Structure formats: structure tokens, C-alpha cells
Amino acid sequence: MKVKRCKKGGVVRIILIVIISVVFGFGVYNWNAKSLTGDVLPMPFGIGVGVVMSGSMEPVISTGDLIIVQKQDSYAVNQIVVFQQNGILVVHQILSIDGNTVVTQGTANDSPDEPMDISRIKGRVIAHASNIGSVVKWIKSPIGTLLVLAIAGYLLIKSYRQEDSELKNDKEEQLALIRQEIQKLKDNNKNE
């Protein structure tokens, strides 16, 4: 039982260290991508995550939805894609493709967007989750990131302190058992 508690504490610590590393690593990566390259949607390993900020794709995709975007080698009509326009991400559906020229439009918009080069498309929306984007957006904010890191750090320190306390209690129990055994031996020697 004591070994299982130590292993459980070690697993919890590893999970917390991974969470801290991922949150911190993605925070640094996103900051670098935005500030150094002007890339609003960094896509490590060809996949990016964003939050929809407007209702131009209602009712298919709503404001506050979390979207997962994947880079593609080619695109097709009716696919929902993400492109960057003047430092802002736009999520629209492809209406037509003519060579390298693409025309997109939001499903809630009355008119299509200006034609653009297909190279401006960052990727295709492969999944979306309703209303989760607001939570992700808050976590990605400086205050949210600091809060997540602080909670993970607190839990990490707490797990170390708990393990130290358990080890101290185990040692005290062992010492009490040794003292009892010594007392028994002394009592047996007196009786002989």
C-alpha cells in the first residue's frame, strides 16, 4: 500500500509537470509566432486551434466555438477553411476554385469575399466544438495561463509535501514498532 501511494504521487507529479510544460511551451510558441512572424494561427505539426469570433458561419459554426484547423495540400468547393486577412483570421466556406484563385463566403453573409490566392488559406476546419472556445480563449489569456500554471504548481508542491508527510508518518510507525519490539525483548530478558 505504501509503494502504491508513492507510485500514485509520482504519476500525479509527472502529469502536472507535463501540463505545466505544455501550457508554458504553447504559450511561448504562440507568443513567438504572433510577435515575430505576425502569424495569428500558429500550426505546429500542421494543426492549429482557434476560437470563432464572429457569426459569419452561423448556423454551421457559431461565435465562441473552438475550431481545429489542418493544413491541406489541396482544397475543394464547400470545404470550410481559415485564412488570415489583415492580421485577423476568417472562417468561411469555399464557393469556387479557379486555378490558384479561390472565392469564399460566410454562410450567414449576403455576398462572397473578394477572390484571393489559394496560398492564403491556412487550412481546413476538420472539427469544431460548440462554446468551448470561450474557455480556451480565457486559458490562453495571460491571466488564464498564469492561473493554470499556478494551480498546477500548487498541486505539484502539495503532492511533494503530502508524500513527505506520508514518509514521515511511515518512519514514525516503523520506529514505534521497533521500540515495541525492543521493549518486548527487554521484558522477555527480565522474565528469564
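Please treat every number below as a calculation from the coordinates, not as lab data. The structure presented is a predicted model; accordingly, all values stated were derived computationally and were not measured.
Evaluated at q = 0.12, 0.13, 0.18 Å⁻¹, a Debye calculation over the C-alpha positions of the stretch 69-192 (equal weights, vacuum) places log10 I(q)/I(0) at -0.70, -0.75, -1.00. Between Arg13 and Arg120, residue separation times 0.36 nm minus the direct Cα-Cα distance comes to 34.3 nm. Would you mind classifying the stretch 40-131 by shape? Square roots of the alpha carbon gyration tensor eigenvalues, ordered a ≥ b ≥ c; an a/c under 1.5 is rounded, otherwise it is prolate if a/b is larger than b/c and oblate if not. Cα axes put the stretch 40-131 in the oblate bin.
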